[in-house]
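The values are calculated or read from the model by the stated rules, or taken from the named source; none is laboratory data. For clarity, every value in this text was computed on a predicted model and none was experimentally measured. Neighbour counts are summed over all protein chains in view; Cβ atoms, including those assigned to glycine, are modelled from backbone coordinates with ideal geometry. Side chains are part of the model used for accessible areas, which takes the heavy atoms of the whole protein and leaves out ligands, DNA and RNA. Shrake-Rupley method; radii C 1.70, N 1.55, O 1.52, S 1.80 Å.
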Amino acid sequence: MTKGRPEDLGPEVEQRPVVLTISGLTHFFESLRAVYDFSVTIKQGELVGLIGPNGAGKTTVFNLITGVYHATEGGIQYNGAHLVGLPSYEIIQMGIARTFQNIRLFSNLTVLDNVRIAYHPHAGYGLVDSTLRLRRFYDKEEDMTERAQEFLAIFGLAERQDDIAGSLPYGLQRRLEIARALATQPRLLLLDEPAAGMNPQEIDQLMDLIHFIRDRFDLTILLVEHRMRLVMNICEWITVMDFGEIIARGTPDVVRNDPSVIEAYLGRQAIIQ
Amino acid sequence: MWQRLRGSTAYFLIGALALFVIVQVFLTVEIQGTPIINNYWRGLIFWGAAITIVSLGLNLIYGFNGQFSLGQYGFYAIGAYTSADITYRYVRGDNSALIVVIGGSILTLLLMWGVSAFLKRFYGVNTITVFVFNVLAAVLGFGLAAGILVPIANPMLSAIFGALPTGVAQSVVFLFALVGGAVLSGIISFLFGIPVLELGSDYFGIATLGFTIIIKVLLDNTDTILPFPEMKGARGMVGIPQWTTWPWVFFSLFLVVLVMRNLLHSSTGRTIVAVREDERAAELVGIDIARSKILAFVIGSVFAGLAGGIRAHDLAFLHPQSFNFIQSFNPMIIVVFGGLGSITGTVFAGFAWIILLEGVLRLYLPGGFETWRFVVYPLVLILMMLLRPEGLLGQYEIPFLRQRLPGMLIRNETQTDELAVEEVVI
């Protein structure tokens, strides 16, 4: 538990390079302790789950990683670089992307523009080029649009490129949000409750999607989720939080049978029975 | 470049040229000793153009970037007084204002560039530090210009302008006066924006309202607190040369529309709109939202400054009362009226505002009606909000100003690729 990951994951995984190290992360809102002494170490290509009852501090951890909040204490390292104190946009540009619990698209803009906005840091042209409409503007803009369109095609949104994002059905909005996050060219993807509001069949498809993007874009994924079915099925290992602290860690099977996890989710009564 | 000339661009350019020529002809052809567009209407058209440019700036800040600002008239005033001072002094054989504004702006921009390069090397620099360094850069830049450049360059410039034909020298000075007013507005908005844009939109609105009030009070005291006796404080500045002509007005407006369109339909422009849509989401797809907000704010203020210069040299008289904070709601009303986020709508509403409300109503309705105008405006606004809250033209744009939708990309490889995914994806 001290080094932030379970011990029985096998030698092959252990040899991979570390992507994300969080150590002793603590965060207070005024006097409310939202996260306390949170540690996790994630290696290249892993698919890790972070679960816990409502208000356990899972989303706060995501917000701390992406610089929305700045941690009161503790360190976050991504590929060896310290993240605490950096502004969000720099963290994202370093290769971390995230989605939101409640979908946050640019809902009055087109599907294509949602993705193109995420390409902005790699636009390759500046204000002067666009104001004077220099050749470089046309070239790079075309290039960027084409990349965005290819990207949408991968996610099956090619025909929807001119639609207003907010008018898409819920499932497609989720998919677009994931596509937009991936358009920032991340190596680490943070998914905040991707299955929220989905029916069992949609969850099946979501699981396939998550596997697909991990292989296709060579990603490491950290996932916050409520839906046990999703977490237990796709995560390689899981960290369980309650009241801001880690209460259990291990493979899905270990976690499922851990008495403290059952207590946190179902109450003490469940164990006694 | 020419192969990229699209139909809509051609129509726009032809239309603009036609408008330019027609108005110019109407301004020169005289019937019974007065031009077809007489001085009264000429003033209204020029005024309409100026207010349109101010409103376009506000539309960039509020309509496209989502920052509720009441500071436009403050920057309008800065542009007006700055450019007026430059030409006022030039007419009286003194180039010092021109040198301080232009030279100081160049020095300040260079120093600010140095400051940003310097601060980039540090980790976690806070806003106040950035602000203080930039203020120092501005003080140093304008101080150097006033202290060192003026004594050296003043006689030189006088000699150069003396050698040029009067008309050319006058045009050059007027150009620099307009640019100077606009750039100074931009620099001040940058300094003001660094700490204030961090506030949320509503607080930002209040802060900019405060800014307008401060500027108005300063203008009331230009001859007492500030060292500009020629501005005559609350009595109003007179003796500004009346140099604004239709080509100046037209090309300023044309330039502003073009710059705004080119800016918005680019990657940077998309980030500006993204900040309006969802600030947090924009930040978390890797956009520097502080930069995006400052950019929109500064460009919007530069437009306001430019409009100020045009208005000052048409009216030839400036009074602080015309820049008070009640007036600063005018561009806000125009922008909301024309449609937030519509360039076409703002241009339309800007001219309609001046020509209908200031012109037609005054001329053709029975006397005494003008006192009712401020009953009519709010009523119209209330009706507008009830019946058509998205503004007169909503998000409509003429084709030239519309963002072109790229054609669909359907390729065979991606198609097959997609088919495989189609089954598995949600």
Chain B: relative contact order from alpha carbon pairs under 8 Å, six or more residues apart, as a whole percent, is 29 percent
Taking the alpha-carbon centre of each part, the distance from region B:209-274 to region B:335-402 in Å is 22 Å
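Which sequence of B:D220, A:D253 reflects their accessible areas, 1.4 Å probe, from the largest down?
A:D253, B:D220
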So, relative contact order of chain A in percent, Cα under 8 Å, 6 or more apart, is 25 percent
With every protein chain in place, the accessible area of B:F254 for a 1.4 Å probe, in Å² rounded to the nearest 10, comes to 50 Å²
About its Cα centre, region A:107-185 carries a charge dipole, from +1 on Lys and Arg Cβ atoms and -1 on Asp and Glu Cβ atoms, whose size in debye to the nearest 20 is 200 debye
Neighbours of B:A296 by Cβ distance under 15 Å: Lys/Arg at +1, Asp/Glu at -1, summed charge +1
Relative to the compact-globule estimate 2.2 N^0.38 Å (N residues), the Cα gyration radius of the protein assembly as shown stands at a ratio of 1.12
Across all Cα atoms of region A:32-90, Rg and the largest Cα-Cα distance (Dmax), in Å, are 11.9, 34
Once the in-chain neighbours fewer than 8 apart are removed, the lysines whose Cα is under 21 Å from A:K43 read A:K3, A:K58
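How charged is the neighbourhood of B:V238? Take every other residue with its Cβ under 12 Å from the Cβ of B:V238, and add Lys/Arg as +1 and Asp/Glu as -1. Intermediate results must be reported in sequence, preceding the final value.
Numbers: positive: B:K232, B:R235; negative: B:E230.
Local charge sum for B:V238: +1.
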With every protein chain in place, the accessible area of B:Y40 for a 1.4 Å probe, in Å² rounded to the nearest 10, comes to 90 Å²
Residues from region B:284-301 losing no less than 30 square angstrom of accessible surface in the full protein assembly compared with the chain alone, 1.4 angstrom probe, ligands and nucleic acids excluded, are B:L284, B:V285, B:G286, B:I287, B:D288
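Which number comes out as Rg/Rh for region A:56-113 once both Rg and the Kirkwood Rh are worked out on C-alpha atoms?
Values: Rg = 13.2 Å, Rh = 12.8 Å.
A ratio of 1.04.
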Computed over region A:165-273, the distribution of all Cα-Cα distances in 10 Å bins, rounded to whole %, is 12, 40, 31, 13, 3
Per GNM of chain A with C-alpha springs under 10 angstrom, the most fluctuating residue out of A:G197, A:G67, A:G126 is A:G126
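Would you work out what percent of the accessible area of the protein assembly as shown, with all protein chains in place, is carbon or sulfur (probe 1.4 Å)?
Details: 19300 of 30440 Å².
Carbon with sulfur: 63 percent of the solvent-accessible area.
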For the protein assembly as shown, percent of DSSP beta bridges that are antiparallel (nearest 5) comes out at 60 percent
Rounded to whole angstroms and listed largest first, the alpha-carbon spread of region A:159-203 along its three principal axes comes to 29, 28, 15
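Two-decimal Rg/Rh of region A:107-185 from alpha-carbon positions, Kirkwood Rh? Can you show the working numbers first?
Values: Rg = 13.0 Å, Rh = 12.9 Å.
My calculation puts Rg/Rh at 1.01.
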Under a Gaussian network model of chain B whose springs join Cα atoms within less than 10 Å, the largest fluctuation of B:Q32, B:Q321, B:Q24 belongs to B:Q32
Percent of all Cα-Cα pairs per 5 Å bin for region B:1-129, counting from 0 up to the last occupied bin, reads 2, 7, 8, 9, 11, 17, 16, 13, 8, 5, 2, 1, 1, 0, 0
Treating only Lys and Arg (+1) and Asp and Glu (-1) as charged, each at its beta carbon, one finds that region B:38-332 has a dipole about its Cα centre, in Debye to the nearest 20, of 280 debye
Here region B:88-206 gives, from Cα atoms, an Rg and Dmax in Å of 17.5, 55
Of all trypsin sites (Lys or Arg not before Pro) in region B:87-191, the ones in DSSP coil with at most 12 other Cβ atoms within 10 Å are B:R92, B:K120, B:R121
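If you take the accessible area of B alone plus A alone and subtract the pair, what total do you get in square angstrom, rounded to 100, with a 1.4 Å probe? Each step should come with its number before you reach the end.
Values: alone 21820 and 13340 Å², together 30440 Å².
That pair hides around 4700 Å² of surface in total.
Taking region B:38-332, how much of its Cα-Cα pair set, in percent, is spaced more than 34 angstrom apart? Provide the component values of the computation, followed by the final result.
Details: 8218 of 43365 pairs.
Here the long-distance tail beyond 34 Å is 19 percent of all Cα pairs in region B:38-332.
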What helix-only [θ] at 222 nm does chain B give? Using -39500 (n - 2.57) per DSSP H run of at least 4, over all residues, to the nearest 500, the answer is -22000 deg cm²/dmol
Expected field for B:E390, accessible surface area in Å² at 1.4 Å probe radius, rounded to 10, holds 90 Å²
Once normalised by the length of region A:107-185, the mean sequence separation of its alpha carbon contacts under 8 Å that are 6 or more apart gives a contact order in percent of 48 percent
Treating every alpha carbon of region B:220-316 as one equal point scatterer without solvent, the Debye formula yields log10 I(q)/I(0) values at q = 0.10, 0.14, 0.16, 0.20 Å⁻¹ of -0.46, -0.72, -0.80, -0.94
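How much net charge surrounds A:G24 when only the other residues with a Cβ under 14 Å from the Cβ of A:G24 are counted, with Lys and Arg +1 and Asp and Glu -1?
Taking every other residue near A:G24 into account, the sum is -1.
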Note to self: with every protein chain in place and a 1.4 Å probe, the protein assembly as shown gives an accessible area per residue in Å² of 44 Å²
Mean projected area, convex hull of alpha-carbon positions in region B:153-251, reported to one decimal in nm², is 9.1 nm²
For chain A, the Cα gyration tensor yields equivalent-ellipsoid semi-axes (√(5λ), largest first, whole Å) of 35, 21, 17
If every Lys and Arg gets +1 and every Asp and Glu gets -1 at its Cβ, then about the Cα centre chain A yields a dipole, in debye to the nearest 20, of 300 debye
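Would you calculate the volume per residue, in Å³, of the smallest convex hull containing every Cα atom of region B:245-390?
Working: hull volume 20.9 nm³, N = 146.
Here the figure is 143 Å³ per residue.
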